[in-house]
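One structure is given below, encoded as structure tokens.
The values are calculated or read from the model by the stated rules, or taken from the named source; none is laboratory data. All of these numbers come straight from a predicted model, not from anything done at the bench. Glycine gets a Cβ as well: all are built from the backbone with ideal geometry, and neighbour counts include every protein chain shown. Remember, those area values only see protein heavy atoms, side chains included, never the ligands or the DNA or RNA. Shrake-Rupley method; radii C 1.70, N 1.55, O 1.52, S 1.80 Å.
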Amino acid sequence: MAVSRGTQHMQLVLTGRQDSDQEELDELTRGLRDRLLELDVDDVQLHRAGEIPEGAKPVDALTVGALAVTMAPIALRSVLSLIQTWIENRPVRTVSIALGENSLELQAVSTADQQRLIEAFVTAHEAATAGDPDGDATGTGSGGGQGD
């Protein structure tokens, strides 16, 4: 996970409910991507799973339910807020978030629980990168966990 010159790369992985299929998860992922692109982020790409084997269609290499978000550090809170609101009314069990050494799993739990997790995640990430004005630090904290 690279962070350079004030640009951060966040990985998101959506996990559907038990009755969700791959097509529904793909549709949800693309919908979240569209919403994220409405924010002040640099880019949001469907995440690819490694190298594309010869003869495979590029779509075969996409990891269903995974996004790579490129953004300035200032966009972190708005991205997390959007994900928190978005998950409340969608058939998604969790959204796993990785940013540097910090990770967070948001679930369809109470808003108050999610807000506490988000605040802890942001605080840990900011503390990990505070010593580096260019944002080159990857940090070593753990900023979140799983809600009850």
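Which of the numbered conditions does M1 fail, given that it passes all the others? Conditions: (1) of a type in the set (A, V, I, L, M, F, W, C); (2) at pLDDT 80 or above; (3) open to solvent by 70 Å² or more (accessible area, probe 1.4 Å); (4) within 27 Å of A127 (Cβ to Cβ).
The single condition M1 does not satisfy is (2).
Restricting attention to region 81-101, report how many residues are without any contact (Cβ under 8 Å) to a residue 12 or more places away in the chain and not in a loop (DSSP other than H, G, I, E, B).
Here the count works out to 1.
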